[in-house]
Structures are given as structure tokens and as C-alpha cells.
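Novice: The structure under discussion is supplied below as C-alpha cells; questions concerning it will follow.
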Amino acid sequence: MTMAPLELTQDMDVPKISLKGVKKAFGPKVVLDGVDLDIQRGESVVIIGGSGTGKSVLLKSILGILQPDAGSIRIDGEDTTHITGRDRERAMAKFGMLFQGAALFDSLPVWENVAFGLMQGQRVGRKEARERAVATLGAVGLGPDVANLSPSELSGGMQKRVGLARAICTNPEIIFFDEPTTGLDPIMADVINDLIVKCVKDLGATALSITHDMASARKIADRIAMLYKGKLIWVGPVSEIDNSGNAYVDQFIHGRAEGPIQMQIRAF
Amino acid sequence: MNFLSAIGRATLTFLEATGRLALFTLTALAHCLRPPFYFRHIGRQMVEIGYYSLPVVGLTAVFTGMVLALQSYSGFSRFSAESAIATVVVLSITRELGPVLAGLMVAGRIGAAMAAELGTMRVTEQVDALTTLSTNPYKYLVVPRLIAGTTMLPILVMVADIIGVFGGYLVAVYRLGFNASSYINNTWQYLEFMDVVSGLVKAAAFGFVISLMGCYHGYNSRGGAQGVGAATTNAVVSASILILVMNYLLTGIFFS
């Protein structure tokens, strides 16, 4: 089942995702302080930033899991900032997401995890859904023997692959990656990066990732944006990241403790 | 001034929690009525709550019935009112002890399991993952548990009533030497339809509260393993207290 495309979605000039002045605070703590970002169709944008700078909050705001306090979020030109219920579910059908800890449903076997969006969201029959799930598992390098295992029987890298398979199984137009390489060894991280690049390219999808792993960011990004203190302080093509002329970006990509970014240590 | 601000803060926290619970309940009830319905999940929860709770509820009921018969014998024999034992056992079980004890046992068994499961799903982002897969977590997680809890507890209590009365019969006949047929006759004689029905209505209310507390605390748990632990404790404690309070209120409505 595919969505009847709105006229706007056919217009190449409309950004796939458009954020304007998005703000979010939890009590007195301001997490997002006016974020503006346009992501074009088919583009892969990576948001970098330290831990606790609001990267996850930004993703969850776009997904509608959190409500921003101010600003607007547009998907294909449609304002989705405050939609709920059926409209939200319709908008969510365009999305796939790979969670940081994979977030697989541990009560279901691997294939039902992968086929979940097909069976629940698109009402595909179990038999067909299973076939498509096994095919998608193949696309991320997992054999059909994995399909009947429980997620808890898999290693971290395999869980990430299953999470990736689940995210892409419904052929989403937009895919989010939340720290896709965190907790993996460097080789497995690179395998996941390659898979992400391949899957996004094969689907022709728009991708938005958040990470603090620069090797991963360089590999999967077309453009990189840096989030610091609730604002995007630098946005540019990945090729310019080393010549950004921005002291904050330089400090972050070289991983130096000394520089304009001071880690907030509560002890004193 | 500190004293006043502490009272104010506690009041605000209480009102906030009440409001959040009310919103959660209304949202869940609204989703109960609108499709899609996850029948597989409703069935699975019914088996989990109804079938797997049978041993613990049955054991509770049989020993309660036995103790009731023993205790009322030792009391009533002082003024030769032994014939009232059967009536005391059946009325206590059907009206009060069946629903309340079954409710408390199920609150410990099921309320805790629900809070722990939903809490773990929340902190490992599985609840968020449902949303990204076009599935409403209320419909998928909360509604099946509410429906299963509300429908299964009356059935459990009906079984508990029968087993409890049977426990009383065992003690009366085999230990205290009552005549079996006259004991059964006494049991039926003063039992009214309303006694059983009131117990079953209570059971439905308790089942709803157990599922609601389990889901609410699990769904809103925060902060890793400790948060899930706190959610589990809160679910069991709040469900147990609500059961006792509601039992008093419902008894007042039925028998005043």
C-alpha cells in the first residue's frame, strides 16, 4: 500500500524535511534553542554533537514522539508539528528508524520484528510478510536461519543489522539513524556504515543520522550539521568539515579536550 | 515558609499525577473502542491473566475457605450456632474474600509483570519503535491488557468462589464431622444471586485497576533498571491500595 502522493511531494523544490525555529525545553533546561535545517530529497545529513546536546530530542521531535515548544516541522511541505492520531500514523508511514540500542521487540522472533511494519502498518499477510522479511534480512547480510531466532540470541552487531532491516523493510522515504555505530567494534561499525550507505542509495531515501563517531559521519553524510547548546552552529558539505573555520567543529572532529567547548562537569 | 511550600509542592505533584493518570485512562479507553484491534494480543493476555493465575488464585481460595470454616466453628460452637458456618463461609467468600484476595494475588502477579514488561520496553525505546512502525502503543500494548484484565478477573473469581466454598466444605465435613448434604443445603439456603454478582462486578473493577496501574506505571517509567523497579513497586502498591479502597466503596453501593 502506498500513500497517494500529495501534489507537493512531487515538487522537487520542497525540502523533504524542513525545520524552522524548533525549540524544546524540559523544565528550566533548554535543549533545542531554535533549530533551522532543510534536508533535500535523497540527501543524507548527519548531525554531530556531544552527548546531551539534544540530538536525540531533535529526532524524536521530528517523529512526533516529543512535541516541540515552538517552531515548525514540515515533511514534504506538510506541517506535521502538531498532528495526532490518524494523520500522525499516515505521516509515520514515510519513516523508518534505526534505534541506538536497536530496540527490537524481544517478545517476537527476528522475522516478525523485521516484518512488523508490513504486518501492522500495511496489513500485509503473514506469509508474504515473512518472505519479504527474509529477503530484507538477506540485504543486510543475515541468512534465513536467523529469522526464527529471538533477538536476545543475537550479538550487538547482528541486532543492529536486524534493526536496520526493520527500518528499511517498509521501503520508507525517510530513514533516521540514531547513533548507528555506538557500542560496536570498529570493523563492525564500518560494516554497518557500508550497509547504511547501500540501503539508503538502493531505496533512494532521505537519511538523517545523529552520531558522535566522526568516521561514521564522514562515510554516510552528504552534509554535516553540528549541534551545540541547542543550536546548529555549523552546516556544510562533508568535504568542508576539515576546513570549516569553526573552532567548535575543529575541536569536536579532532576530539580535543582543550578548546571553546567546555565539558560541563557537575562536581564543582 | 518552608513548611507551606512543601505542602504546596506536594499538592501540586499530587494534582499533576492525578491529571496524568486521568488522561492516560481516557486515552486508553478511547482506543479500546476504535479499530484496529489486536485480537492475538488480547487472547495472549487473557491466557496469561486468566489461565496462568489459576493455581495461585485457587490455592489462595481453598485455604481461605478452610480457615474460614475452622475459625467460625471455634467461634460459633460457643453458642451452638454451628449451622451458620456454611452460610458464613459462602457469603464471606462470594461477597468479599473471593474478589479481594484474588485481586491482590493477581495484582502481585500480573500488575508487576505488566509494569516490568512495559517499563523495559519504554527504557529500551521499544515503545518509541512501535510509533515509528505506524503502530499506536496504546492500542498495541495497553488496550489488550485492559480488556484481558477486566474480562478475566470475574472468571477467575467465579472459580475462586467455587474452590473457596469447597475448601470450607472439606474442613466442615472431614475435620469437624458435619453431615455433607446438610452442609451443602445450608450453603445454598441463604445465598442470593446478588451476593455472587456483586463479587463479580467488584472483580471486573479490580481487574481494570490492576491492568491500568501496571500499564500506567510501566508506560511512564524513566531511567533504566531503577526506574523499571520503581514502576513495578508502584504498580503493585497502588493497585493493592486501590483494590481495598474500591472494595469498601463498592460494598457501600451494593449493600447499603
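Every number here is computed from the coordinates shown, using simple stated rules; none is lab data. Note that the coordinates shown come from a computational prediction; the quantities given were computed from them, not determined experimentally. FYI the Cβ positions are ideal-geometry reconstructions off the backbone, even for glycines, and counts take in every protein chain you see.
Novice: Show that you can apply the helix-only estimate: for chain B, add -39,500 (n - 2.57) for every DSSP H stretch of four or more residues, divide by all residues, and state [θ] at 222 nm to the nearest 500.
Specialist: Computed mean residue ellipticity for chain B: -25500 deg cm²/dmol.
Novice: Please work out the Cα center distance from the range A:210-259 to the range A:56-86, rounded to the nearest Å.
Specialist: If we compute the Cα centre of each part, the gap is 25 Å.
Novice: Give, rounded to the nearest 20 debye, the magnitude of the charge dipole that the range B:35-255 has about its Cα centre when Lys and Arg contribute +1 at Cβ and Asp and Glu contribute -1 at Cβ.
Specialist: It comes to approximately 240 debye.
Novice: Determine the calculated [θ] at 222 nm for chain A from helices alone, applying -39500 (n - 2.57) to every DSSP H run no shorter than 4 residues and normalising by the residue count; nearest 500 deg cm²/dmol. Write out the running numbers ahead of the final one.
Specialist: Working: 8 runs with 82 residues, N = 268.
Computed ellipticity for chain A at 222 nm equals -9000 deg cm²/dmol.
Novice: Continuing with the same structure: Please work out, to two decimal places, the log10 of the ratio I(q)/I(0) at q = 0.07, 0.09, 0.11 Å⁻¹ from a Debye calculation in which every Cα of chain A carries one identical scatterer.
Specialist: -0.25, -0.42, -0.63
Novice: May I ask which residue of A:A103, B:S83, A:S244 lies farthest towards the positive end of the charge dipole of the protein assembly as shown, with charges of +1 (Lys, Arg) and -1 (Asp, Glu) on Cβ and the Cα centre as origin?
Specialist: The listed residue farthest towards the positive side: B:S83.
Novice: Still on this structure, please answer the following. Over the range B:35-255, what is the relative contact order in whole percent, taking alpha-carbon pairs under 8 Å and six or more residues apart?
Specialist: Working: 321 pairs, mean separation 77.6, N = 221.
So the answer I get is 35 percent.
Novice: Cα axis of helix B:54-76 to longest principal axis of chain B: angle in degrees, 0 to 90, nearest 10?
Specialist: Computed tilt is about 40 degrees.
Novice: Just the ratio, please: alpha-carbon radius of gyration of the protein assembly as shown over 2.2 N^0.38 Å, N its number of residues.
Specialist: Ratio of Cα Rg to 2.2 N^0.38 Å: 1.22.
Novice: Between the range B:129-162 and the range A:107-170, what's the alpha-carbon centroid distance in Å?
Specialist: 26
Novice: Cβ under 15 Å from A:P28's Cβ, A:P28 left aside: what net charge do those residues give with Lys, Arg +1 and Asp, Glu -1?
Specialist: Result for the neighbourhood of A:P28: +2.
Novice: Assign unit charges at the C-beta atoms only (+1 for Lys and Arg, -1 for Asp and Glu), then state the dipole size of chain A relative to its Cα centre in Debye, rounded to the nearest 20. Present the calculation step by step, with values, prior to reporting the outcome.
Specialist: On the way: 30 positive and 32 negative charges, 114 e Å.
For chain A, the charge dipole is close to 540 debye.
Novice: To continue, here is another question. Between their Cα atoms, which of A:K127/A:K219; A:K231/B:K139; A:K60/B:K202; A:K24/A:K127; A:K24/A:K219; A:K127/A:K201 are more than 32 Å away from each other?
Specialist: Cα-Cα > 32 Å for A:K127/A:K219; A:K231/B:K139; A:K60/B:K202; A:K24/A:K127; rest within.
Novice: OK, next. Between the range B:174-199 and the range B:25-55, how many Å separate their Cα centres?
Specialist: After rounding, the separation between the Cα centres reads 35 Å.
Novice: List the aspartates and glutamates whose alpha-carbon lies under 20 Å from that of A:K55, not counting same-chain residues fewer than 8 positions away?
Specialist: Leaving aside aspartates and glutamates fewer than 8 places away in the same chain, those within reach of A:K55 are A:D33, A:D36, A:D38, A:E43, A:D69, A:D178, A:E179, A:D213, A:D222, A:D250, B:E125, B:D128.
Novice: Select from A:I174, B:A205, A:L149 the residue farthest towards the positive end of the dipole of the protein assembly as shown; place +1 on Cβ of Lys and Arg, -1 on Cβ of Asp and Glu, and compute about the Cα centre.
Specialist: The residue sitting most towards the positive pole is B:A205.
Novice: Just to confirm the number: angle between the C-alpha axis of helix B:2-33 and the first principal axis of chain B, 0 to 90 degrees, nearest 10?
Specialist: Compared with the principal axis, the helix lies near 80 degrees.
Novice: Next up: Work out the charge dipole of the protein assembly as shown with +1 on the Cβ of Lys and Arg and -1 on the Cβ of Asp and Glu about the Cα centre, then indicate which of B:V228, B:V159, A:G64 is farthest towards its positive end.
Specialist: It is B:V159, whose Cα lies furthest towards the positive end.
Novice: Over the range B:35-255, one equal point on each Cα, no solvent: what is log10 I(q)/I(0) by the Debye formula at q = 0.12, 0.16, 0.17, 0.18 Å⁻¹?
Specialist: So the normalised log intensities work out to -0.67, -0.99, -1.07, -1.15.
Novice: About the Cα centre of the protein assembly as shown, how large is the charge dipole given +1 on each Lys and Arg Cβ and -1 on each Asp and Glu Cβ? Please answer in debye to the nearest 20.
Specialist: 800
Novice: Between helix B:193-219 and chain B, what is the angle of the helix's C-alpha long axis to the longest principal axis, kept within 0 to 90° and rounded to the nearest 10?
Specialist: Value to nearest ten degrees: 30.
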